[in-house]
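A.B. asks: Pasting a structure below so you can have a look.
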Amino acid sequence: MHRFAFVIHPVDVKRDAARKYPIAKYLPERWVEQILRRKEPMVVSRITGIRSLTGVTTEGWFIGCPLSPRMMLSLPLDFVYQKIIRCGQIAQELGAEIIGLGAFTSVVGDGGITIAKNLDIAVTTGNSYTVATAIEAAVLGAEKMGIQITDATIAVVGATGSIGRTCAEALAPQAKAMLLLGRDAARLEPIAEQLRPIARGSVRVSTDLPRELPTADVIITVTSAVDAVIYPQDLKSGAVVVDVARPRDVSVRVARERDDVLVVEGGLVEVPGEVDFGFDFGFPPRMAYACMSETMMLALEGRIENFTLGKEVSLQQVQITQELARKHGFRLAGFRSFERALTDAEVEAIRERARRAVAV
């Protein structure tokens, strides 16, 4: 059996820290961050019961890195690296052969390259399978909302990142128009130039989300922002938004104020077997993020290698994870929106409200 580990960290500082330290919910966020800064990485739980369709099994551990997204962006990079490396060393000591970097631990610095150089086990960010599931969710969501991808304007928010860029590359040959959004037009334009020869329609870039997002039919958003970047007024009726970012890019106000748009959390996967994660991170049984699932499927396959690292994800890597997912029994876990499951009836109701809003 090949064993794995996966690094998790508090995304919503007070909520997530309170899962381990209940008093955290009563303290100011800055106080909680100061306490976390002095904590060492630790084993959060043991993961058991993962069984492939092939009969192969694996098990692993969640390793907790006591840093929030804001802390990772503001603290010295070497300090952050050392915390993540220590997570990997703990994994090595436990017997893991590969470790996945979750949420901001996969974003900070050079996307896992430095971490891999300082460990004797394999490392992956999980971004390849995250791309695969984001695209699958976008296409399925569009279908359920009556949107033909070939007639759609597709926006990618955070298009300069590894996940966003590859999502755009995969969808450009299908979409009527592609809209690449980010903070830096100078970094967006070279990506657009690479896509134009393969794109079915136009490819535009912009840094103005409030002006451009209302033109999009389908949106994949995957920034590294600490706070929300998409608000109720930014979305057209009937739009589909796949929010892959952690913390989420879409403001919770959208859930309260826009019942005519479909917002789904990207990258949620059903894991094969009778899985016990040993830790409640807010999902129903057997569900995990795609980045976690990539780490698990690599262990099941015995591919003990640095797989997805750095700031680029290739379509070949995405295809490999899709093949491994089918082989071992990982699949998209339906739609969830703002931490709750969406039924087909609820999606149909959103579609009907959008239809009425457009008709007015």
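The values are calculated or read from the model by the stated rules, or taken from the named source; none is laboratory data. Everything quoted here is computed from the prediction, not taken from an experiment. We place every Cβ from the backbone using ideal geometry, glycine too, and count neighbours over all the protein chains shown.
A.B. asks: Would you confirm, using the coordinates I've provided, whether G146 is at pLDDT 95 or above and on the phi > 0 side of the Ramachandran plot? Reasoning before the result, please.
C.D. replies: Working: at pLDDT 95 or above: yes; on the phi > 0 side of the Ramachandran plot: yes.
Answer is yes for this residue.
A.B. asks: With the requirement that a residue be within 18 Å of G60 (Cα to Cα) and not hydrophobic (A, V, I, L, M, F, W, C), what does the stretch 295-328 give you?
C.D. replies: Listed by number, the residues that qualify are T295, E301, G302, R303, E305, N306, H328.
Here is a yes/no grid of residues against (1) within 17 Å of G310 (Cα to Cα); (2) of a type in the set (K, R); (3) more than 17 Å from the chain's Cα centre (by Cα):
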| position | (1), (2), (3) |
| --- | --- |
| Y81 | yes, no, yes |
| I84 | yes, no, yes |
| A91 | no, no, yes |
| E97 | no, no, yes |
| L101 | yes, no, no |
| D110 | yes, no, yes |
| K117 | yes, yes, yes |
| Y129 | yes, no, no |
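A.B. asks: Something else: Look at V240 and say whether it is within 16 Å of the chain's Cα centre (by Cα), under 24 Å from A172 (Cβ atoms) and either modelled with pLDDT of 95 or more or hydroxyl-bearing (S, T, Y) (or both). It would help to see each step written out before you state the result.
C.D. replies: On the way: within 16 Å of the chain's Cα centre (by Cα): no; under 24 Å from A172 (Cβ atoms): yes; either modelled with pLDDT of 95 or more or hydroxyl-bearing (S, T, Y) (or both): yes.
Against the criterion (within 16 Å of the chain's Cα centre (by Cα), under 24 Å from A172 (Cβ atoms) and either modelled with pLDDT of 95 or more or hydroxyl-bearing (S, T, Y) (or both)), V240 does not qualify.
Condition check ((1) among the charged types (D, E, K, R); (2) part of a loop (DSSP other than H, G, I, E, B); (3) surrounded by 16 or more Cβ atoms within 10 Å (Cβ to Cβ)) across all residues:
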{"residue": "L36", "(1), (2), (3)": "no, no, yes"}
{"residue": "V43", "(1), (2), (3)": "no, no, yes"}
{"residue": "T54", "(1), (2), (3)": "no, yes, no"}
{"residue": "I63", "(1), (2), (3)": "no, no, yes"}
{"residue": "L67", "(1), (2), (3)": "no, yes, yes"}
{"residue": "M72", "(1), (2), (3)": "no, no, yes"}
{"residue": "D78", "(1), (2), (3)": "yes, no, no"}
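A.B. asks: Moving on to the next point. Hey, among G201, G238, G161, G182, which residue is small (G, A, S) and within 30 Å of A349 (Cα to Cα)? Full working, then the answer.
C.D. replies: Working: G201 fails: within 30 Å of A349 (Cα to Cα); G161 fails: within 30 Å of A349 (Cα to Cα); G182 fails: within 30 Å of A349 (Cα to Cα).
Selected residue: G238, the only one of G201, G238, G161, G182 that is small (G, A, S) and within 30 Å of A349 (Cα to Cα).
A.B. asks: Would it be correct to say that I84 is at pLDDT 95 or above and in a strand (DSSP E or B)?
C.D. replies: Values: at pLDDT 95 or above: yes; in a strand (DSSP E or B): no.
When the stated conditions are applied, I84 does not pass them.
A.B. asks: Also, I was wondering about something else. Restricting attention to the stretch 217-237, does a residue exist that is outside the structural domain of P69 (by TED's automatic domain parsing), touching a Pro at 6+ places or on another chain (Cβ under 7 Å) and touching a residue at least 40 places away in the same chain (Cβ under 8 Å)?
C.D. replies: yes
A.B. asks: Restricting the first residue to the stretch 40-61 and requiring it to be on the phi < 0 side of the Ramachandran plot, which pairs with a second residue that is in a strand (DSSP E or B) and among the basic types (K, R) meet a Cβ separation below 6 Å and a spacing of at least six or different chains?
C.D. replies: The qualifying pairs are T57/R51; W61/R46.
A.B. asks: Of all residues in the stretch 314-348, which are aliphatic (A, V, I, L, M) and touching a residue at least 12 places away in the same chain (Cβ under 8 Å)? Let's see the steps before the verdict.
C.D. replies: Initial filter on the stretch 314-348 (aliphatic (A, V, I, L, M)): 315, 318, 320, 324-325, 332-333, 341-342, 345, 347.
Selection gives L315, V318, I320, L324, A325, L332, A333, A341, L342, V347.
A.B. asks: Evaluate the following for R15: is it outside any strand (DSSP E or B), surrounded by fewer than 24 Cβ atoms within 10 Å (Cβ to Cβ) and in contact (Cβ under 8 Å) with a residue 40 or more places away in the chain? Steps first, please.
C.D. replies: Details: outside any strand (DSSP E or B): yes; surrounded by fewer than 24 Cβ atoms within 10 Å (Cβ to Cβ): yes; in contact (Cβ under 8 Å) with a residue 40 or more places away in the chain: no.
In short, no.
A.B. asks: Sticking with this one: For the stretch 242-312, which fully contained strands (runs of 3 or more DSSP E) count at least 1 residues that are of a type in the set (F, W, Y) and surrounded by 18 or more Cβ atoms within 10 Å (Cβ to Cβ)? Walk me through how you get there before you give the answer.
C.D. replies: Details: elements: 262-265, 268-270, 273-276, 287-289.
In the stretch 242-312, the matching strands (runs of 3 or more DSSP E) lie at 287-289.
A.B. asks: If the requirement is being of a type outside the set (D, E, K, R), part of a loop (DSSP other than H, G, I, E, B) and surrounded by 23 or more Cβ atoms within 10 Å (Cβ to Cβ), which of these qualifies: A132, A138, A155, A159? Spell out how you get there, then give the answer.
C.D. replies: Working: A132 fails: part of a loop (DSSP other than H, G, I, E, B); A138 fails: part of a loop (DSSP other than H, G, I, E, B); A155 fails: part of a loop (DSSP other than H, G, I, E, B).
One residue alone meets the criteria, A159.
A.B. asks: Within the stretch 95-129, can you find the residues that are of a type in the set (S, T, N, Q) and either in contact with a Pro (Cβ under 7 Å, 6 or more places away or on another chain) or crowded, with 23+ Cβ neighbours inside 10 Å (or both)? Let's see the steps before the verdict.
C.D. replies: Looking only at the stretch 95-129, we keep the residues that are of a type in the set (S, T, N, Q), and these are 105-106, 114, 118, 124-125, 127-128.
Listed by number, the residues that qualify are T105, S106, T124, T125, N127, S128.
A.B. asks: Further question: Specify the residue that is nearest to A186 (Cα to Cα); the eligible residues are those in the stretch 204-216 that are part of a loop (DSSP other than H, G, I, E, B) and free of Cβ contacts under 8 Å to residues at least 40 places away in the same chain.
C.D. replies: As a first pass, look at the stretch 204-216 and keep what is part of a loop (DSSP other than H, G, I, E, B): 207-208, 216.
Filter once more, so that each one left must be free of Cβ contacts under 8 Å to residues at least 40 places away in the same chain: 207-208.
Numbers: T207: 10, D208: 14 Å.
The qualifying residue nearest to A186 (Cα to Cα) is T207.
A.B. asks: Counting only residues that are farther than 16 Å from R196 by Cβ and not β-branched (V, I, T), which one in the stretch 162-181 is surrounded by the most Cβ atoms within 10 Å (Cβ to Cβ)?
C.D. replies: Looking only at the stretch 162-181, we keep the residues that are farther than 16 Å from R196 by Cβ, and these are 162-164, 166-167, 181.
Cutting the leftovers down to not β-branched (V, I, T) gives us 162, 164, 167, 181.
Values: S162: 24, G164: 26, C167: 29, L181: 27.
Selected residue: C167.
A.B. asks: Given the conditions (1) in a helix (DSSP H, G or I); (2) within 27 Å of G60 (Cβ to Cβ), which single one is not true for E346?
C.D. replies: (2)
A.B. asks: Now for a separate question. Can you name the number of the only condition in (1) in a loop (DSSP other than H, G, I, E, B); (2) at pLDDT 95 or above; (3) within 26 Å of Q319 (Cβ to Cβ); (4) not acidic (D, E) that R165 fails?
C.D. replies: (1)
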